[in-house]
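A short worksheet on the structure shown next.
What follows is calculated from the coordinates using simple rules that are stated; it is not laboratory data. Everything quoted here is computed from the prediction, not taken from an experiment. Ideal geometry is used to build each Cβ from the backbone, glycine not excepted, and the neighbour counts take in all protein chains shown.
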Amino acid sequence: MDTTQFADTPRGEQLKAFDRLLDIMEELREKCPWDRKQTIDSLRHLTIEETYELSDAIIRQDMQEIKKEIGDIMLHLVFYSKIASELNAFNVADVLNTLCEKLIFRHPHIYGDTYASTEEEVKRNWEQLKLKEGNKSVLGGVPASLPALIKAMRIQEKARGAGFDWDNKSQVWEKVQEELQEFQAEFNSENNTTIDKEKATAEFGDVLFSLINFSRFIDINPEEALEKTNLKFIDRFKYLETEVAKAGRKLQDMSLEEMDFYWNKAKEGK
């Protein structure tokens, strides 16, 4: 694909396209019963759904779907801004100008006299500037409603930006091993017939948190890694279901060894 046609799209054409979207939003809000009925609250769950759909497209590296899903999210952002303007709260120009001012403020190495030559220095400056904006903690910007795995990633990244981190990956791996040994000693012993569910949950959380921390040191996104494994499992399980059905059998009537035969065939083909 020739990407130069997209990179060289004149700025005027890009602005014209955005202006067209604003015009369509105005018309839909005025004339469409569904669009007219929407509120900021009613759109919230739809925006979350669209965000996950974009995430799925990114995992699949489907550029056409990525384009489509970006458009859906952009529509929602314009929609929120339109509703807010009707409430005399803000409009899309306020949104964009506020964003521009924040970007300029948080990039003093570009727009000011601060020096930063590495990604880590940029991140450290970013977190310090956020504290100047009124945040009481570098962790204050982590949304409470984030899924736990992503939240753990963001917490660790922000703590690193404040200088709180391990020196090297070997230290982190030692921590992973320590947490695994503690969990195994406490909850995987043959002599342990009763399990303290609350303590087990806490220890297992420590194992996951340490693994996520290690993934950061080896530049693996744990959310992406887990999702790819999910998709791989789905593909293989569907193959298993299909092949078992072809053989005229049912999964619930098969032994684990019998199912494993088809599972290994699925692994060979994937």
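A few remarks follow.
- Over 27 Å [Cα-Cα, the chain], rounded percent: 64
- Altogether, the Stokes-Einstein calculation at 20 °C and 1.002 mPa s, with the Kirkwood radius of region 225-269 over Cα pairs as Rh, returns a diffusion coefficient of 197 µm²/s.
- For region 22-90 versus region 112-163, the spacing of their alpha-carbon centroids is 28 Å.
- For region 167-270, the fraction of C-alpha pairs more than 22 angstrom apart is 57%.
- Length gained when the stretch LEU28-ASP8 is fully extended (0.36 nm per residue, less Cα-Cα span): 4.1 nm
- For region 11-104, the dipole from Cβ point charges (+1 on Lys and Arg, -1 on Asp and Glu) about the Cα centre works out to 140 debye, to the nearest 20.
- Dipole magnitude (debye, nearest 20) for region 225-269, charges at Cβ of Lys, Arg, Asp, Glu: 160
- Given LYS130/LYS151; LYS136/LYS158; LYS130/LYS158; LYS82/LYS123; LYS151/LYS238, the pairs whose alpha carbons are separated by over 21 Å: LYS82/LYS123; LYS151/LYS238
- Sorted by Cβ neighbour density within 10 Å, fewest at the top, the residues SER137, SER81: SER137, SER81
- Over the chain, DSSP H runs of length four or greater, each weighted -39,500 (n - 2.57), average out per residue to a 222 nm ellipticity of -24500 deg cm²/dmol.
- Region 166-220 - Rg over Rh from alpha carbon coordinates, Kirkwood radius: 1.07
- Its alpha carbons give region 1-88 an Rg and a Dmax of 15.1, 45 Å.
- The angle between the Cα long axis of helix 119-132 and the longest principal axis of the Cα atoms of the chain comes to about 60 degrees, rounded to the nearest 10.
- In a fully extended conformation the segment linking ALA159 and PHE105 would gain 17.3 nm over its present Cα-Cα distance, using 0.36 nm per residue.
- Paramagnetic reach from GLU120 (point 7 Å along Cα→Cβ, amide N under 17 Å) across region 148-174: 156-173
- Coil-residue GluC sites (Glu not before Pro) of region 87-153, DSSP, other Cβ within 10 Å capped at 16: GLU133
- Look at the dipole of the chain built from charges on Cβ: of ILE104, LEU251, ALA89, the Cα furthest out on the positive end belongs to ALA89.
- Pair THR242, LEU129: separation of 7 Å Cα→Cβ label points (nm): 5.1
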